[in-house]
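The values are calculated or read from the model by the stated rules, or taken from the named source; none is laboratory data. These numbers were taken from a predicted model, which means no experiment stands behind them. When the accessible area is computed, the model is the full protein with side chains, heavy atoms only, and any ligands, DNA or RNA have been set aside. Shrake-Rupley method; radii C 1.70, N 1.55, O 1.52, S 1.80 Å.
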Amino acid sequence: MDQGPNSSPGLIRFFITLPEPVDIPDGYVWQENYDHDPEGGGIQQFVHMIFMQSSGSSRQQGSLAAAMESINRVNEHPPNLEINDGNSLTGQYTTVIASTLNDRNIQPESQWVSPQDIPIEHDPLNRCIEEIANFLRAYRAAVESLCVVPTYERIGPIIPFQAGEFTPLEDADEDQAGFRIPKWGDPGALMLENSNFSDIPPSGEITSEDEGRIDYFRSLLGKGNSLFLWKERFVEARKALYREGNYGASVTLSNTASEVLLDALLSLMYWESGKNPGDVADVFAEGRLARRVKANFAELLGGNWSLDGTGHVADWFHNCYLLRHRVVHGGYSPSRLEAQTALDVTFSLSLYCWDRLAEKRKKFPRTALITIAEEGLRKRGKWCRFIQDFSRDVAPVEPSWRNDSQAWRQDMYNALLAGN
């Protein structure tokens, strides 16, 4: 934001209600000063915070009201039968009034694709959110509180704000707020670009096609099938990124999803190849994923499984696998863009696995039908006469592939744990 030589610098304050209340005194003040001078006029950047406590209808009140409405409906009571006022629940809310210089300065050709990607030196809202998070991280460590640390994705989705101007006081202490506010503007509301609409379902209604898929995945879940677990970890990684803003957890979950998928696919192919579980158990030893990706997948499925250079596998290895090690073992906090990339390369890796398996469907017809099935083979133009005949003539007369492969996988892990 450009300032004239005699104009007062812009100021903005956001009214951010935290996802959960924190036990901090009403009116508590905290300020963090930064080294840089965004205005070039000797005004140090800062974030000034005031914690405000309030009470009202609790978050559980709506849930209880919905349950009571359901009771009324199934018992055919009048729809206006409500909860007795004496049973009403109240809750506490913590709102942080976070003030900072209004210095947002984003160039049209910016590389940031989402508002939460903008660095704090360029965006006042992200600066305030990060400082609130940093304060609560320090507070949590100091008093061992179990409070939730807010992120862009966890707050909102509507943030009230006010813009204004202030004049620094010449005799103010360097470490204090030291300003006079001539005027605050009218309140406004900022709509955040996130998925934190907790009162609205994040996806559409179930269709007739979905019901068949639910039956399929429920069956996998009941058998403890790893194909279900890979999909569940992938969905959890998306939730951590888009709804919680927990970028580190999203990276680790993305990597976990890819590891589960790769090991599940490899074990299926070994099972179908008739390998003795004990003979190949050592291949699945912990810490050897990169080795089996380079060697075993290339041998069985062909294609490019190199961990270096370009390609789906190399992208996954550098942008998810190695990043996860930095997060877990080095305490690294990834950016949203890094977490998004980790998620993207994990999904691309899964598609590459299915594409290679479709190419090798005649070598591994059972594995192909268990995983990508007719729908996936048709989508890739691989629902050929061989696989149709195999599905019609062989599959119905053989024992359950899922049960048999699951038993093989369990025998393999038993041999691995036994050190055989």
Checklist entry - Build a GNM of the chain with springs between Cα atoms under 10 Å: which of Trp408, Trp230, Trp112 gets the top mean-square fluctuation? => result Trp112
Item to check | Whole-percent pair-distance distribution, where bins are 5 Å wide, for the alpha carbons of the stretch 204-363 | outcome: 1, 9, 16, 19, 20, 16, 11, 6, 2, 0
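Using the heavy atoms of the protein chains and a 1.4 angstrom probe, tell me the accessible area per residue for the chain in square angstrom. Walk me through the intermediate numbers first.
Numbers: 23220 Å² over 420 residues.
Heavy-atom SASA per residue in the chain reads 55 Å².
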Checklist entry - On a 0 to 90 degree scale, rounded to 10, what angle separates helix 336-359 from the longest Cα axis of the chain? => result 10
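Just the number: Rg to Rh for the stretch 329-420, Cα atoms, Kirkwood Rh, two decimals. Before the final figure, lay out the partial values.
Details: Rg = 18.2 Å, Rh = 16.0 Å.
Expressed as Rg/Rh, it is 1.13.
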Checklist outcome for this item: Extension length gain for Leu64 and Asn134 (0.36 nm per residue less Cα distance), in nm, is 21.8 nm
Checklist outcome for this item: Using the Kirkwood formula on alpha carbons, the hydrodynamic radius of the chain in angstrom works out to 25.9
Checklist entry - For the chain, what % of the accessible area comes from carbon and sulfur atoms, probe 1.4 Å? => result 49
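What length, rounded to one decimal in nm, is gained on full extension from Ser54 through to Trp184, with 0.36 nm per residue of separation minus their alpha-carbon distance? If you can, show how the numbers build up before the last one.
Working: separation 130, 0.36 × 130 = 46.80 nm, distance 2.27 nm.
Length gained between Ser54 and Trp184: 44.5 nm.
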Item to check | For the chain, built as a Gaussian network whose Cα springs stay under 10 Å, the top-fluctuating residue of Ala407, Ala142, Ala67 | outcome: Ala67
Checklist entry - Can you tell me the Rg and the Dmax, both Å, for the Cα atoms in the stretch 368-420? => result 15.1, 43
